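Colleague: Got a structure for you, questions after.
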Amino acid sequence: MEAFLSNIDRVVDGFSWTVRLTLLSALFSFILGILLTAMRVSPVPLLRGLSTAYVEGIRNTPLTLVLLFCGLGLNSALGLSFADTVATDVFWWAVIGLSAYTSCFVSESLRSGINTIPLGQVEAARSLGLTFTQNLRMIVIPQALRTVVGPLGSVLIALTKNTTVASVAGLGVQEASRQMKLMFDQGIAPVLPTFVGFAIGFLILTLPMGYFFGWLSKRVAVVR
Amino acid sequence: MTSTPLVVLENVNKHFGDLHVLRDINLTVNSGEVVVVIGPSGSGKSTLCRTINRLETIDSGEIRLDDQPLPAEGRALARLRSDVGMVFQSFNLFAHKTVLQNVTLGPMKVLRKPRGEAEAHAMELLDRVRIGNQAQKYPAQLSGGQQQRVAIARALAMSPKVILFDEPTSALDPEMVQEVLDVMTDLAKDGMTMVVVTHEMGFARRAANRVVFMADGEIVEENTPDEFFTNPRSERAQDFLSKILTH
Ligand SMILES: Nc1ncnc2c1ncn2[C@@H]1O[C@H](COP(=O)(O)OP(=O)(O)O)[C@@H](O)[C@H]1O
Ligand SMILES: [Mg+2]
């Protein structure tokens, strides 16, 4: 245990990257998820088709492949890059891959929330003269979001843990799991306590998320 | 009573698949007039209402509001809808908004009124439907009758040219029917143009200028309330009235 604790700053540094990956990917997948949902329920068939194809396509692809595609395909093979330093570059490609993947799950959750909203409210809004986007923004999405706070919490927890796939897929972000692997490789940490330590680290991140989202979903529930 | 035609339906036809729900409907509602639509379930009354603010499209014929054909889509359609109020059987209040917010939403977002003005007008209307003291509550905290009166205030807030009521009291407990009908009777007296689908004969006799009887997607009979209820001409109307009277 001591050996693990003496490397605690590396552990903390690892988790700080985990948190950064999680927060940025959560933000982008939330925005993209809302956009995909709006397209999915829009009256324009082309937008509906694009959204469906995207969600079904990415949702059914292993995350490892999505991240490999970002890293090997777009970054290395096509030479698309964000920054001069490799560290920054792989970080952003990991954020993109994770967001592209997670947004599908955000969108599917939201869509199930939309299905719980009585059609009558949508018609009432329409009959007041609200446009399609106003209707979505003011009536549909706010209520759909409230009903899926719980499921969105699960998506966030999954995302937090999924950040570890980035390094496995060759995007060498120095997040927690990669730090752990490096510590093993360098033989500076005993295996078992280190495993347990990192597992507890993830628990410390995700357990409060679960409780927070549980609390929030009760707090914002719409009474009908 | 003025007789400027406000809502005009000409040879309107509508199908749902193979089902011919509206058959050659011709109907004119004049400004300030109250028209009650009555008829058996499934005869097309709701569909008729819903075509007037284009919640349903029509297959042929024409509908005009104030001499303008209904626009097909986009901003123009949204503007048309803001001129045609609608009150639903199931109230359809926005569950995540307070009573006051339900009433101010349309004026602020569609008519672009400033909040202060919208709220002042909303409070006036809520007082008018006798529910001003509940402005900060959420719909689920109100009784059905109260919710329906809020829905009427929400429609009024847009200063519509006409309000469509689709069985506004059918989902209410019996003791709440009258409070809603009273509000509607007041509106009628104030000269609001109204199309009301209802089986409430008391209301029809008190407030309506005309009764339109529908069956199987057709307008079978049109008459003054007194004539219609005491002397229905068609067999189908006689049959229908005998059924609802024996209830
Ligand atoms: N969206 C719809 N799709 C298919 N059929 C419908 C739809 N809405 C109504 N109908 C049918 O159209 C007919 C007329 O319905 P409606 O206008 O609701 O009658 P009413 O209001 O007089 O009871 C009914 O047979 C009904 O089942
Ligand atoms: Mg009906």
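The values are calculated or read from the model by the stated rules, or taken from the named source; none is laboratory data. These numbers come from a predicted model, not from an experiment. Because the Cβ atoms are built from the backbone with ideal geometry, glycine has one as well, and the counts that use them run over all protein chains shown.
Colleague: If B:Ala122 satisfies every condition in (1) surrounded by 23 or more Cβ atoms within 10 Å (Cβ to Cβ); (2) within 16 Å of ligand 2 (Cβ to nearest atom) but one, which is the exception?
Modeller: (2)
Colleague: Could you count how many residues in region B:198-239 are within 24 Å of B:Val183 (Cβ to Cβ), acidic (Asp, Glu) and in contact with a strand residue (DSSP E or B) (Cβ under 6 Å, 6 or more places away or on another chain)?
Modeller: 0
Colleague: Applying the selection to region B:143-194, what residues are of a type in the set (Ser, Thr, Tyr), away from chain A (no Cβ under 12 Å) and either out of contact with any Ser or Thr (no Cβ under 9 Å at 6 or more places or on another chain) or within 22 Å of B:Leu100 (Cβ to Cβ) (or both)?
Modeller: B:Ser143, B:Thr185
Colleague: Here's another thing I want to ask about it. Which condition does B:Ala140 not pass, out of (1) out of contact with any Phe, Trp or Tyr (no Cβ under 9 Å at 6 or more places or on another chain); (2) within 10 Å of chain A (Cβ to nearest Cβ); (3) surrounded by 17 or more Cβ atoms within 10 Å (Cβ to Cβ); (4) in a helix (DSSP H, G or I), if it passes all the others?
Modeller: B:Ala140 satisfies every listed condition except (3).
Colleague: Kindly indicate the residue of region B:78-103 that is crowded, with 23+ Cβ neighbours inside 10 Å, without any contact (Cβ under 8 Å) to a residue 60 or more places away in the chain and more than 8 Å from chain A (Cβ to nearest Cβ) and also nearest to B:Val8 (Cα to Cα) among those meeting that condition.
Modeller: B:Val103
Colleague: If you don't mind, another one. Provide a single number: the residues in region A:124-153 that are without any contact (Cβ under 8 Å) to a residue 12 or more places away in the chain and under 19 Å from the mean Cα position of the chain (by Cα).
Modeller: Residues meeting the conditions: 0.
Colleague: Quick one: how many residues across region A:1-57 are hydroxyl-bearing (Ser, Thr, Tyr) and surrounded by fewer than 17 Cβ atoms within 10 Å (Cβ to Cβ)?
Modeller: Here the count works out to 4.
Colleague: Here are some residues: B:Asn11, B:Asn30. Which one is surrounded by fewer than 14 Cβ atoms within 10 Å (Cβ to Cβ), away from ligand 1 (no atom under 11 Å from the Cβ), away from chain A (no Cβ under 12 Å) and not basic (Lys, Arg)?
Modeller: Only one candidate qualifies: B:Asn11.
Colleague: Another question, then. So B:Leu48 clears everything in (1) away from ligand 2 (no atom under 16 Å from the Cβ); (2) modelled with pLDDT of 95 or more; (3) surrounded by 14 or more Cβ atoms within 10 Å (Cβ to Cβ) except one condition, right? Which one?
Modeller: Unmet for B:Leu48, out of (1) away from ligand 2 (no atom under 16 Å from the Cβ); (2) modelled with pLDDT of 95 or more; (3) surrounded by 14 or more Cβ atoms within 10 Å (Cβ to Cβ): (1).
Colleague: Give just the number: which of (1) surrounded by 15 or more Cβ atoms within 10 Å (Cβ to Cβ); (2) farther than 24 Å from A:Ala144 by Cα; (3) of a type in the set (D, E, K, R); (4) more than 20 Å from the chain's Cα centre (by Cα) does B:Arg75 not satisfy?
Modeller: (1)
Colleague: Before we move on, is B:Val197 under 26 Å from B:Ile25 (Cα atoms) and within 16 Å of ligand 2 (Cβ to nearest atom)?
Modeller: Yes.
Colleague: Within the group B:Arg23, B:Arg79, B:Arg54, which residue is at pLDDT 95 or above, among the basic types (Lys, Arg) and either away from ligand 2 (no atom under 16 Å from the Cβ) or closer than 24 Å to B:Gly106 by Cβ (or both)?
Modeller: When all the criteria are applied, what remains is B:Arg23.
Colleague: State all residues of region A:183-198 that are in a helix (DSSP H, G or I), of a type in the set (A, V, I, L, M, F, W, C) and touching a residue at least 24 places away in the same chain (Cβ under 8 Å); if no residue qualifies, say none.
Modeller: Those that are in a helix (DSSP H, G or I), of a type in the set (A, V, I, L, M, F, W, C) and touching a residue at least 24 places away in the same chain (Cβ under 8 Å): A:Met183, A:Phe198.
Colleague: Moving to a separate point now. Pull up region B:40-61, narrow it to residues that are under 11 Å from the mean Cα position of the chain (by Cα) and within 14 Å of chain A (Cβ to nearest Cβ), then point me to the one that is farthest from ligand 1 (Cβ to nearest atom).
Modeller: Ranking the qualifying residues of region B:40-61, first place goes to B:Asn53.
Colleague: Restricting to region B:160-180, name every residue that is within 15 Å of ligand 2 (Cβ to nearest atom), under 19 Å from B:Ala207 (Cα atoms) and among the hydrophobic types (A, V, I, L, M, F, W, C).
Modeller: Matches in region B:160-180: B:Leu164, B:Phe165.
Colleague: Looking at region A:81-180, what helices (runs of 4 or more DSSP H) fall wholly within it and have at least 3 residues that are more than 14 Å from chain B (Cβ to nearest Cβ)?
Modeller: It comes to A:86-114, A:149-162, A:165-168.
Colleague: Ok, one more. Between B:Glu179, B:Glu167, which is within 16 Å of ligand 1 (Cβ to nearest atom) and either closer than 23 Å to B:Phe91 by Cα or without any contact (Cβ under 8 Å) to a residue 24 or more places away in the chain (or both)?
Modeller: Going through B:Glu179, B:Glu167 in turn, just one is within 16 Å of ligand 1 (Cβ to nearest atom) and either closer than 23 Å to B:Phe91 by Cα or without any contact (Cβ under 8 Å) to a residue 24 or more places away in the chain (or both): B:Glu167.
Colleague: When you look at B:Val37, is it within 17 Å of the chain's Cα centre (by Cα), within 16 Å of ligand 1 (Cβ to nearest atom) and not acidic (Asp, Glu), yes or no?
Modeller: Against the criterion (within 17 Å of the chain's Cα centre (by Cα), within 16 Å of ligand 1 (Cβ to nearest atom) and not acidic (Asp, Glu)), B:Val37 qualifies.
Colleague: Restricting to region B:176-211, name every residue that is among the aliphatic types (A, V, I, L, M), in a helix (DSSP H, G or I) and within 19 Å of B:Val129 (Cα to Cα).
Modeller: Answer for region B:176-211, where residues must be among the aliphatic types (A, V, I, L, M), in a helix (DSSP H, G or I) and within 19 Å of B:Val129 (Cα to Cα): B:Met176, B:Val177, B:Val180, B:Leu181, B:Val183, B:Met184, B:Leu187, B:Ala188, B:Ala207.
Table: residues versus (1) touching a Gly at 6+ places or on another chain (Cβ under 8 Å); (2) touching a residue at least 60 places away in the same chain (Cβ under 8 Å); (3) among the polar types (S, T, N, Q).
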{"site": "B:His199", "(1), (2), (3)": "no, yes, no"}
{"site": "B:Phe203", "(1), (2), (3)": "no, yes, no"}
{"site": "B:Ile219", "(1), (2), (3)": "no, yes, no"}
{"site": "B:Asn223", "(1), (2), (3)": "no, no, yes"}
{"site": "B:Asp226", "(1), (2), (3)": "no, no, no"}
{"site": "B:Phe229", "(1), (2), (3)": "no, no, no"}
{"site": "B:Glu235", "(1), (2), (3)": "no, no, no"}
{"site": "B:Asp239", "(1), (2), (3)": "no, no, no"}
{"site": "B:Ser242", "(1), (2), (3)": "no, no, yes"}
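Colleague: Follow-up question, since we're still on this one. What do you reckon, is B:Met214 away from chain A (no Cβ under 14 Å), surrounded by 18 or more Cβ atoms within 10 Å (Cβ to Cβ) and more than 16 Å from ligand 2 (Cβ to nearest atom)?
Modeller: no
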